[in-house]
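Below is one structure, written out as structure tokens, with a few remarks after it.
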Amino acid sequence: MPCERRPMRYGHSEGHTDVCFDEEGKWIVTCGSDGDVRIWDGLDDDDPKSINVGEKAYALALHRGRLVTAASNNTVQIHTFPDGDPDGILTRFTTNATHVAINSSGSRVAAGSGDFLVKVVEVSDSSKQKTLRGHEAPVLSVALDPKDEFLASSSCDGSVAVWRIDEQARVTSWNVLQKSSDVINSKSLCRLAWQPSGKLLAVPVGLAVQLYERDSWSHVSSLSDDFITKVVNVVIWSPCGKLLAAGSVGGNLAVWDVEAKLCVERQKHEKGYTVCGMAWHPSGVQIAYTDTEGCLGLLDGVCVSSASAQKSLKAPDTKAAKDYDALFDEEDDGLLDEEASESHSPVKKNADAEGDDEDYDMIPTTARPRNRGSFLDDDENSLDTGSVNVDRFSENNFGGSAEPATAPVKSRPAYDGPVPTPRQKAFQPSSTPAHLMHRFMVWNSVGIVRGYNDEHDNAIDVEFHDTAIHHAMHLSNSLNHTMVDLSQEALLLACEGTEELSSKLQCSHFSTWDTCKEWTVDLPKGEDVCAVCLGQGWAAAATSALLVRLFSIGGVQREMFSLPGPVVCMVGHGEQLLIAYHRGTGFDGEQCLGVQLLQFGRRRRQVIHGEPLPLSVKSYLAWMGFTAEGTPCFVDSEGVVRLLNRSLGNAWTPVCHTRENCKSKSDHYWVVGVHESPQQLRCIPCKGSRFPPTLPRPAVAILPFKLPYCHTATEKGQLEEQYWRSVLFHNHYSFLSSSGYEIDEEAQNQASKEQQELLMKMFALACKMEREFRCMELAEMMTQSVVTLAIRYATSSRRMALAQRLGQLALEKANQLQGEVQEQEDDDDEENYGSAKQNSRRSRPSNARAEEEYEEEVEHEEQMETEEPAENRRSLLNPFNKGSRSPERPSPKPVNKEDRVNPFKVSGPGKSSAAPSGQPRVANVLDTMTPSSRKPGALPNPLSKQNKSPVLKPLVPRPKSKTQATLLQMNAPKLSSKKSEKEATVEKLRPVEVPPMPPAQDNCENRKPKTGFQLWLEENRKNILANSPDLEETDVIKEAMGCFRQLSAEDRLRWTERAKGDAAEPKKRKREEEEETKEEDKSEEHENEEASAKKKKPLDTSAKLSAFAFNKS
């Protein structure tokens, strides 16, 4: 029967650890890189006693109430055991002591250090010291001979030496190790061990353990096994001296019968971590071991399995065929284990003569099928996940008895396929492990919640960063709450259920105006809370029944839904809920997690539908949350921070690697918050640990973001990284704007400006490198105004072919901009059309019946625009329209560079009393712009909608919004002649008398061109009224708009083109009249200048391209 491997449990912070038993085997004593020595009353002790011996503790030894430790303060100290009182300093070194050992009588202590020295000190009188010199590198380990005659030591210089203590002389040495510069860089700790009788010295060398005989110092034998795949780190002897145990860097544990040279026990660390400390229980029943992650483990029943192996070697079993049922008993699993170890078992001799082949015909061919499911067992005390417990699944890891070699049995190949990974347990982000007496329950942007659970008190302290939100609170934790979340509205707590009590959810709503601030919910029996979170006006709890229960902040139960797998983490922010859960079973150390993102509010929808969560290789989820601006992000155990890129189909982009900022491999950063503007990653540095202690209060550090782009050492790579990082970290503006939140437009514009500057820098760099195709790729990402600057730069750089292509690109962008503006105007026309109908119905005069009759004869929209009273016209002003009779003139040709006419300049009305009273007096279209959008009192007369601006030139920069002027309007030169400007202004602002009811043919020139929707409505109005005769006019328009949108894109385009075709004929006549008027009003001098400008028009390419550039004169 193989030994039982107990689940690992957390003991110290990440780093080197050591372990030993006391003489009676009652206590397990460990030390770690956190500087503490912990005394455990068995592996299940939840409250071990702690003794601080320094900043770090490297090794320890215990004998007869004396605890000897090697600490980082370059000393070897003694403490009383188990009280832990300091009892003096034995010796000092110039650097850290690396290992200590104590003899069997407790009278001598040997210690090795990083200054190449080994000292042997008398415990009764520390002044009596013997120093052994000869190593040329730091000492790895020391071992005292049970007879107090010799001392063995290993060093980073690659040698293992044996010293005679009294003579302080080296007896012999073997250069069997790989050299290294320091203990931390050594591939093996090479922990030596003497046999209790002192006959043999065990030395771990590579993948085997070499045995050297005393006095002769000759190499006797080597112990190895196929199960050991990495370097052996530490070896120990059993109290009886017949068994030898070893632990490797890969987490493999093996036990050999030294006399038979047979591997009788194989186990593997459940997470594959390096075993750095081992100790055998005085009774020989248990082996305690520690790893480099600070965890403590235990192998139970070692001597039982080895004893059965010894018995089986002496008394072969000859009843295999007679007792068929016994073959499947758990006690006879050694039959299969023997096959896995026969390759290195010298007892397989004369097998053909001692057994019968038929006796083994009924041995199962699959290894331990009844225990095959044990690898899915999770570690109840583990706080993180690594690799899976493969010991019970591997053919080379069956421990226990060794059956007699009575028949030639072919060894089956070991299973080499993927193995499942234990599932990560649920956790709260920014919280430390729950088993700690003092821990952080949550640390976020609102405050800090600490939990205390010791012999004096069991309470929760809440501290707010901003005391204006709420004052600090102290709560009693009588229900043993382990999960907490904190927001600006409430404090949410939850506890797991017990046999007597069900799981509870408790909320302290401190922001309520009500006097009752707390509410509690009891979950059904057998259903436990696994994760909690708070949002804006809501709370959520994920349970063990794979349910997510939603509550209002006041305690009203809301929706609930099921999860596809067990929850791992859950966070909330505003109206968003982010959930990570197990979507399947991972293999080979990988976690298989899925993520869901739900958005509440007006439009409740699921943004991410259970897509896989991308983690680093063989890592697990360490933190998950939202940025301060509301973007989901998470951090894995490798320190990689990933942010959700909404503009790339909700993909996850790595933005930072915290481990790159760590000075040591054992250091980590504990994330508490992420900010996009400014770009900051707020975290706490943890030296030698994954999480900080509560006292002293840790300081928050700020790490920068850096996308892992290639060639970031070059200027090109740096600019690319800066540009895409800026794009990624400013995506939240569009999301917040679409969600109805107010945004900082100034900051958004500044970010856009920075991005365009970076593009221009990359463009200039590509030009210098003669990468013109790359220049075009960069120009496609620029705005139209920046493309114009790129044209100038290309022209000045004498790259005419590039400038020509950039000009074509600018023309395409201008056409695209014009199309977008037209689409926006069409949409506004439909909205204004509906609002005009509704307003006209409210303000309709008394002769409504006559107006309705007239509507049947004339188009509805034209008549209503004509008949509306003045106050209604003022309520529908449009800031982009001109005066009531400003004719649409063609754009004048530029005369010369200094004297070009601005085709977009709009002059206000003069002081003529004939101007409409509702029209404000303006000198430029920019004067009519207001920050608000479509306010009734600030929009122009709908009658002036017909007079639109001339068509945009190809290089007009794209406006930032409908209410902002274009760059061309700002930079365009003024008219050369004030007289002509005044005459044009007077002509545009000539008053128009609107008769009460003009004929349709007389009004066709002043009316607004019809849109495709209006034409469609005219022809289909009767059908809509026939289907729904009771509809009001507003409802008719809404119904028509819905039907029009259901048409295909081709049909809508056909109606739009038809509308444009109908409006072309009156516009043509109108244009002819304008040209005649213009010819009469133009002065002869202006005509001469225009003719001379045409004659002097340059013909070279650079002059043609300059037409695309802006003039700032």
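The values are calculated or read from the model by the stated rules, or taken from the named source; none is laboratory data. None of these values were measured; they are calculated from a predicted model. Positions of Cβ are backbone-derived with ideal geometry, glycine not excepted, and every protein chain shown enters the neighbour counts. To get the accessible areas, we keep the full protein, side chains included, count just its heavy atoms, and leave off ligands, DNA and RNA. Shrake-Rupley method; radii C 1.70, N 1.55, O 1.52, S 1.80 Å.
For this structure, a couple of remarks:
- In this structure the amide hydrogen of Val220, modeled in the peptide plane, comes within under 5 Å of the amide hydrogens of Leu211, Tyr212, Glu213, none closer than 5 places in sequence on its chain.
- Calculated FRET efficiency for the pair Lys706/Asp461, C-beta based, R₀ 45 Å, to 0.05: 0.80
- Placing dummy labels 7 Å off each Cα toward the beta-carbon, the span from Asp827 to Asp44 is 6.7 nm.
- Overall, the accessible surface of region 1-134 at a probe of 1.4 angstrom is composed of carbon and sulfur to the extent of 44 percent.
- Rg/Rh for region 180-262 (Cα atoms only, Rh after Kirkwood) is 0.96.
- Counted residue by residue at 0.36 nm each, then reduced by the alpha carbon distance between them, the extension gain from His675 to Asn175 reaches 174.5 nm.
- Rh by Kirkwood over Cα pairs, then Stokes-Einstein D for region 13-146 at 1.567 mPa s and 4 °C, µm²/s: 88
- Shown in residue order for region 661-676 are the 3J(HN,Hα) couplings computed by the Karplus curve 6.51 cos²θ - 1.76 cosθ + 1.60 at θ = phi - 60°: 9, 7, 7, 10, 5, 8, 8, 9, 10, 9, 6, 10, x, 9, 10, 8 Hz (x for Gly and Pro).
- Distance between modelled label sites at Ser476 and Asp166, nm, 7 Å Cα→Cβ extension: 7.0
- The solvent-accessible area of Lys261, taken with every protein chain present and a 1.4 Å probe, is close to 90 Å².
- Computed over protein heavy atoms with a 1.4 Å probe, the accessible surface of region 415-573 works out to 45 Å² per residue.
- Bins of 5 Å from zero: percent of alpha-carbon pairs in region 692-745: 4, 15, 15, 12, 12, 13, 13, 13, 4, 0
- Area of Asp83 that stays accessible when all protein chains are in place (1.4 Å probe, Å², to 10): 100
- Rounded FRET efficiency, nearest 0.05, which uses the C-beta distance separating Lys128 from Ser197 and R0 of 25 Å: 0.35
- Förster radius 25 Å - calculated FRET efficiency between Asn650 and Ser726 (Cβ-Cβ, nearest 0.05): 0.80
- Looking at region 617-671, the accessible area is 38 square angstrom per residue; that uses a 1.4 Å probe and ignores ligands, DNA and RNA.
- Computed over protein heavy atoms with a 1.4 Å probe, the carbon and sulfur contribution to the accessible area of region 472-535 reaches 50%.
- P(r) of region 590-637 over all Cα-Cα pairs, binned every 5 Å from zero, in whole percent: 5, 18, 24, 24, 16, 8, 4, 1
- Full-extension gain in nm, Arg602 to Val419, via 0.36 nm per residue minus C-alpha separation: 61.3 nm
- Label-to-label distance, Glu715 versus Ala801, with points set 7 angstrom from Cα along the beta-carbon direction: 2.4 nm.
- Full-extension gain in nm, Glu1033 to Asn661, via 0.36 nm per residue minus C-alpha separation: 127.2 nm
- Summing Cβ point charges (Lys, Arg +1; Asp, Glu -1) relative to the Cα centre of region 109-255 gives a dipole of roughly 140 debye.
- Rh by Kirkwood over Cα pairs, then Stokes-Einstein D for region 149-291 at 0.890 mPa s and 25 °C, µm²/s: 160
- Heavy-atom surface of region 14-66, accessible at 1.4 Å and reported per residue (Å²): 40
- Unsatisfied cross-links (Cα-Cα over 26 Å) in the set Lys49/Lys663; Lys504/Lys687; Lys26/Lys187; Lys706/Lys761; Lys665/Lys716; Lys242/Lys268: Lys49/Lys663; Lys504/Lys687; Lys26/Lys187; Lys665/Lys716
- Loop-located trypsin sites (Lys or Arg not before Pro) in region 19-110 (DSSP state not H, G, I, E or B) with no more than 16 neighbouring Cβ atoms inside 10 Å: Lys26, Arg64.
- Karplus (6.51, -1.76, 1.60) ³J(HN,Hα), θ = phi - 60°, over region 559-576, in Hz, Gly and Pro reported as x: 5, 9, 8, 9, 9, x, x, x, 6, 10, 7, 8, 9, x, 7, x, 9, 10
- Accessible-area ranking of His668, His730, largest first, probe 1.4 Å: His730, His668
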